[in-house]
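Notes follow once the structure below has been shown.
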Amino acid sequence: MEPADAPSLRKVLGAAAVSAGLRLGEPDRPGVLTDAEARTAAGAWGILDRARAERGAARGGGTVVVLVDGLGLELLRERRGHAPTLRSWLTDAEPFGSGLLGAPSGPGPAARTCVPSTTAAALTTLGTGALPGVTGMVGYSVRNPLLPSPAAGDVPRAEDNLCLITWEGRAPEPRAWQDVPTVFQRLEPDPALTRDATGQSAPLALSIGPARFSGSGLTEAGLRGTQHLGADRLEDRPGLAVSALRRGTPLVYLYVGELDHAGHGHGWTSQEWLREFERLDAAMAELVRRVPRGTRIVLTADHGMVDTDAEHRVTVTDHPDLMAHVAGIAGEPRMSQLYVPGGDADLAQQVAERWREHLGEKAAWVGTRTEAETLLGPVSPRAATVLGDVLVAMAGTWVVVDPRVHSESAIAMPGVHGSITPAETTVPLLLASA
């Protein structure tokens, strides 16, 4: 079991909330972050300071959680020379650094995201304080839960899958299907703290990001419960955060997706990625300069990324032995989910053994649904209805693709993630203050 104070993505939003003078209502099921767990994490990370929260509230300060999609810690360290602001935050978080917030090194610079290390799963983990096995948000895509189980003779088809980011096509209602309440829905004022009168009518939390995210399937599933302020330009988001804090909102969630988009399109070693990284750094410099005194900034990410190429691609239609008894494929090229006819456990075990033998060192882990708790944590009955019968996590920079399921652009994508390597699962946890 994970130590209560271990830095992990599922604790970040809750810990930030209590650092801003808020409380979490009790969850309605096991496996979901509690107020006590959030306080334990915030205390261990050096951000649970009631006096500071009181002063911050009086000045219009609070806590800003910055989620940078795709910024793995390894990537940040590799490109730190291009980001003076993030470099200074990283240095302060390293052991023997200068020590923000009065702690020798705070929580340290590293946190662990969830598995699969992909946006739909990770943003829901952040938003709910629960791992994918609890929420059912177990990958980029799953076999659509509205469809019957695959039958003998079925073959993988793109139209059988539900994308858990877009929720396009025939799909369950996101709020009903992912029914774990979010941190935003559970927020309460902390009665032990008083807030400045100017903040009494302000919302307890706000989210900031591209306008299209308001009411999107992923937002409704994993980040519902707060007003969303649309800002399509990265450069406009710090100003919105500053205004919200000054109006008395104690918790602001700020999403940055430009880096992930550049990585998928060009690879994280590209000049395009580097330009977006420098834009991110400039935005963070503006944010920390403009926020009211007493504000904390917590920066993290949903996953990292690795670059791949055609020489590290396993195309399943070229290997008939892999496809025996495989009636569906979902997930993503770094973490495939395979479905067998009728969900038969014996067939799943045969498929897992065959894939394990065929892939060898190209795979980091191959196992059945019954073994999936090793990676995902406890698997709820709802998650079990969509989780693949066999899971395949790839090693190194290898990917598995199926032209019947994946588009040409997805197959050719240079920047990928979803597996269990440190480059994908270790994300930054950096603190700054005004």
Requested in this report: Quantify, in whole percent, the carbon and sulfur part of the accessible surface of the chain (1.4 Å probe; protein heavy atoms only).
Outcome: 52 percent
Query raised in the report: Solvent-accessible area per residue for segment 280-434 at a 1.4 Å probe radius, Å²?
Result: 36 Å²
Requested in this report: Would you mind checking segment 323-342 for residues with the amide N under 17 Å from a putative spin-label position 7 Å along Cα→C-beta of Thr317?
Outcome: 323-324, 326-330, 333
Query - segment 206-213 - phi-based ³J(HN,Hα) in whole Hz, Karplus 6.51/-1.76/1.60, Gly and Pro as x - result: 9, 10, 10, x, x, 4, 5, 6
Query raised in the report: Rank Arg77, Arg10, Arg233, Arg170 by accessible area, highest first, at a 1.4 Å probe radius?
Result: Arg170, Arg233, Arg77, Arg10
Query - Förster-model FRET efficiency, 30 Å R0, Ala158 and Glu278, C-beta, rounded to 0.05 - result: 0.25
**Report entry** Which of Asp190, Asp154 is most accessible, then next, and so on - probe 1.4 Å
**Finding:** Asp154, Asp190
Query raised in the report: How big is the charge dipole of segment 230-347 about its Cα centre, in debye rounded to the nearest 20, if each Lys and Arg gets +1 on its Cβ and each Asp and Glu gets -1 on its Cβ?
Result: 1200 debye
Query raised in the report: What accessible surface, in Å², does a 1.4 Å probe find on Ser270, ignoring ligands, DNA and RNA and rounding to the nearest 10?
Result: 20 Å²
Query - Built amide H within the under 5 Å cut-off of Arg23, gap 5+ - result: Glu188, Asp190
Requested in this report: For the chain, set up a Gaussian network in which alpha carbons nearer than 10 Å are linked by springs, and say which option among Ala110, Ala410, Ala241 fluctuates the most.
Outcome: Ala410
Query - Kirkwood-based Rg to Rh ratio, the chain, C-alpha trace - result: 0.98
Query raised in the report: Can you pull the accessible area of Ile420 for me, 1.4 Å probe, Å² to the nearest 10?
Result: 40 Å²
Report summary line: Between Asp309 and Thr34, the two model label points (7 Å from Cα along the beta-carbon direction) sit apart by a distance in nm of 5.2 nm
Report summary line: Interchain or sequence-distant (5+) residues whose placed amide H lies within less than 5 Å of the amide H of Ala130 are Leu33
Requested in this report: Have a look at Ser214, Ser409, Ser380 and tell me which one the Gaussian network model of the chain (Cα, springs below 10 Å) gives the largest fluctuation.
Outcome: Ser409
Report task. Could you go through segment 132-143 in sequence order and give the Karplus-derived ³J(HN,Hα) for each residue, using 6.51 cos²θ - 1.76 cosθ + 1.60 with θ = phi - 60°, rounded to whole Hz, and x for Gly and Pro? Result -> x, x, 8, 7, x, 8, 9, x, 4, 9, 9, 5
Requested in this report: Sort Leu274, Leu240 from largest to smallest accessible area, using a 1.4 Å probe on the heavy atoms of the protein chains.
Outcome: Leu240, Leu274
Query raised in the report: Relative contact order, percent, of the chain when contacts are C-alpha pairs under 8 Å separated by at least 6 residues?
Result: 26 percent
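The values are calculated or read from the model by the stated rules, or taken from the named source; none is laboratory data. A quick note: this is a predicted structure, and the numbers were derived from the prediction, not measured. Backbone-built Cβ (ideal geometry, glycine too); neighbour counts: all protein chains shown. Note: accessible area is taken over every heavy atom of the protein model, side chains too, but ligands, DNA and RNA are not part of it. Shrake-Rupley method; radii C 1.70, N 1.55, O 1.52, S 1.80 Å.
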